[in-house]
Amino acid sequence: MRRPFVAGNWKMNTDSHTGVILAEAIASAVLEFAGRSVDVAVIPPFIYLQVVARALGASHIALGAQDVYIESKGAFTGEISASMLKDVGCAYVLCGHSERRHVIGEPDELVNKKVMAAISGGLLPILCVGELLAEREASRTNEVVTRQIKNGLAGLSVEKVSAVTMAYEPVWAIGTGLMATPQQAQEVHALIRGLLVEMYDGQLADGIRILYGGSVKPGNAEDLMHQRDINGLLVGGASLNADDFTAVIQAAV
Ligand code: PEP
């Protein structure tokens, strides 16, 4: 059985004070079900990981990072390795978030190296994929998502790929208030599941969680979660408000 998974990506928001207040509020609101009927993670900026970890206490809410570097240590000024993230309590790490792909310019090959580095360092990568609006309008969604998945998972054995969570996030729906309809999302999730069957096997593909992300809110979370291949939600803006994030988590239970 796949347990639903809801992760909140705080992006470059909060500070050491508001991040702690937010983490404490979420932790106390979801005390009863986090880690039991639903897995929950918060993904704060690097610099607040440790204070947020302390604020989460024994809540069973996991900690995630927004990015990871491909090397384990050395002369890589400004970068953070998987072992460092693990050291401060991270379980998850986003790889290939659309803002890293399209604002910072990360190509598929670098995303693949990050997925590998995360797994080697003992983290669980959340591999994000998704098409631009122009690509959807040109009917290129399947082609783009297929390429991102094949390149992103290249070289990963069956054992390693089972550590991965997939996230479909149409770029045009991230932070825009626009969202894919549950049917549009389900179509791409089914494509992703089919690719995993083709690349690995049915049993493994069945066990991998595929999250939807893109303007998820309390009002649309339940409909999304009713789709067959949507196993959880990756939430940006709404994860910065404890009540909204809690309501999204409740919709996923
Ligand atoms: C995200 O950051 O992954 C995201 C989906 O953002 P938002 O929910 O704000 O669209």
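The values are calculated or read from the model by the stated rules, or taken from the named source; none is laboratory data. Computed from a predicted structure; not experimentally measured. Neighbour counts run over all protein chains shown; Cβ positions are idealised from the backbone, glycine included. Heavy atoms of the whole protein, side chains included, go into the accessibility calculation; ligands, DNA and RNA do not. Shrake-Rupley method; radii C 1.70, N 1.55, O 1.52, S 1.80 Å.
Only a single item in (1) within 29 Å of residue 137 (Cβ to Cβ); (2) within 15 Å of the ligand (Cβ to nearest atom); (3) not in a strand (DSSP E or B) is not met by residue 244, and it is number (1).
Within segment 129-141, is even one residue closer than 23 Å to residue 160 by Cα and in contact with an Asp or Glu (Cβ under 9 Å, 6 or more places away or on another chain)? Yes, segment 129-141 has at least one match. If you go through segment 77-122 one residue at a time, how many are open to solvent by less than 60 Å² (accessible area, probe 1.4 Å), more than 16 Å from the ligand (Cβ to nearest atom) and at positive phi? Here the count works out to 3.
Within segment 30-51, the set of residues being over 16 Å from residue 245 (Cα atoms) and either of a type in the set (D, E, K, R) or open to solvent by less than 40 Å² (accessible area, probe 1.4 Å) (or both) comprises 36, 45, 49.
The test for being more than 14 Å from residue 2 (Cβ to Cβ), away from the ligand (no atom under 16 Å from the Cβ) and open to solvent by less than 40 Å² (accessible area, probe 1.4 Å) holds for residue 156.
With respect to the conditions (1) open to solvent by less than 50 Å² (accessible area, probe 1.4 Å); (2) farther than 23 Å from residue 118 by Cα, residue 236 falls short on a single one, namely (2).
When segment 1-23 is filtered for residues that are open to solvent by 60 Å² or more (accessible area, probe 1.4 Å) and either of a type in the set (A, V, I, L, M, F, W, C) or under 16 Å from the mean Cα position of the chain (by Cα) (or both), the ones remaining, listed by number, are 1, 2, 3, 12, 21. Among the conditions (1) at pLDDT 95 or above; (2) more than 27 Å from residue 25 (Cβ to Cβ); (3) among the small types (Gly, Ala, Ser), the only one that residue 202 does not satisfy is (1). Among the residues of segment 162-176, the one identified as more than 16 Å from the ligand (Cβ to nearest atom) and either buried (at least 20 other Cβ atoms within 10 Å of the Cβ) or of a type in the set (Lys, Arg) (or both) is 164.
So which residues in segment 201-215 are more than 16 Å from the ligand (Cβ to nearest atom), in a loop (DSSP other than H, G, I, E, B) and buried (at least 18 other Cβ atoms within 10 Å of the Cβ), if there are any at all? Write out each step before concluding.
Applying the first criterion (more than 16 Å from the ligand (Cβ to nearest atom)) to segment 201-215 yields 201-208.
Imposing the further condition that a residue be in a loop (DSSP other than H, G, I, E, B) reduces the set to 201, 208.
Answer for segment 201-215, where residues must be more than 16 Å from the ligand (Cβ to nearest atom), in a loop (DSSP other than H, G, I, E, B) and buried (at least 18 other Cβ atoms within 10 Å of the Cβ): just 208.
Can you find, within segment 222-237, the residue that is nearest to the ligand (Cβ to nearest atom) among those that are in a helix (DSSP H, G or I) and over 14 Å from the mean Cα position of the chain (by Cα)? Spell out the reasoning first.
Residues of segment 222-237 in a helix (DSSP H, G or I): 222-225, 237.
Filter once more, so that each one left must be over 14 Å from the mean Cα position of the chain (by Cα): 222-225.
Numbers: 222: 16, 223: 15, 224: 12, 225: 15 Å.
Here the answer is 224.
Residues in segment 123-139 that are more than 15 Å from the ligand (Cβ to nearest atom) and open to solvent by 40 Å² or more (accessible area, probe 1.4 Å): 124, 134, 136, 137, 138, 139.
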